[in-house]
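Report on one structure; see the data block that follows.
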């Protein structure tokens, strides 16, 4: 199975022609608006140092945007983190929606979802670090846990439909979803930790074959 690369656009950022995920791939920061530059600098610092070890002044210093400009766009550091979190979750949810609509079987939908997450890890590791490693509820207590956010619920829904359609054998839904996606997400963690000998996507076929065999009907 080949990795899937998609150009997803979040409604929140559509007017500026890019979503949060796509913004992380822009190397020339002169192409970013001030607000986008603040967000991308914060994402880099949050993933490198942690949310609590990053201050507004750190973001100002690294982005070279004035303190006044930061507070013009965001009420505080929590506001920056919330914008990042909601923007990334929205973009990922739309990516999963595109995958869902592009494939007709549970095997292909779920496999494409895992392939896309691995490709995101290669393209934008800071995004996956923030999504998977940041303890969001410590600084965004009103937000749902990441496993209960839109994109991961959509993945679980793909599994549920696979059971209804007879591709996946009947079992506890959480167990089935963990069996299908758990090993792949663990490999993504290992990639982010720098312990894999090869790029994570090179393990996709083997990981997916094992995962699918664990739940496939018949």
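The values are calculated or read from the model by the stated rules, or taken from the named source; none is laboratory data. Source: prediction; values computed, not measured. Note that each Cβ is placed from the backbone with ideal geometry, even for glycine, and that neighbours are counted across all protein chains shown.
Residues in region 161-170 that are on the phi < 0 side of the Ramachandran plot and assigned to a loop (DSSP other than H, G, I, E, B): 165, 167, 169, 170. Can you tell me which residue is surrounded by the most Cβ atoms within 10 Å (Cβ to Cβ) among those in region 136-171 that are closer than 29 Å to residue 53 by Cβ and without any contact (Cβ under 8 Å) to a residue 12 or more places away in the chain? Per the criteria, the residue is 152.
Among the residues of region 137-160, those identified as closer than 30 Å to residue 216 by Cα and assigned to a loop (DSSP other than H, G, I, E, B) are 145, 149.
Residues that are over 22 Å from residue 158 (Cβ atoms), surrounded by 17 or more Cβ atoms within 10 Å (Cβ to Cβ) and at pLDDT 90 or above occur at least once in region 21-36. When residue 15 is tested against the conditions (1) over 22 Å from residue 138 (Cα atoms); (2) at pLDDT below 90; (3) in contact with a helix residue (DSSP H, G or I) (Cβ under 9 Å, 6 or more places away or on another chain), the lone failure is (3). Out of all the residues in region 186-207, which are closer than 14 Å to residue 119 by Cα, part of a helix (DSSP H, G or I) and in contact with a helix residue (DSSP H, G or I) (Cβ under 7 Å, 6 or more places away or on another chain)? Matches in region 186-207: 187, 188, 189, 191, 192, 200, 201, 203, 204.
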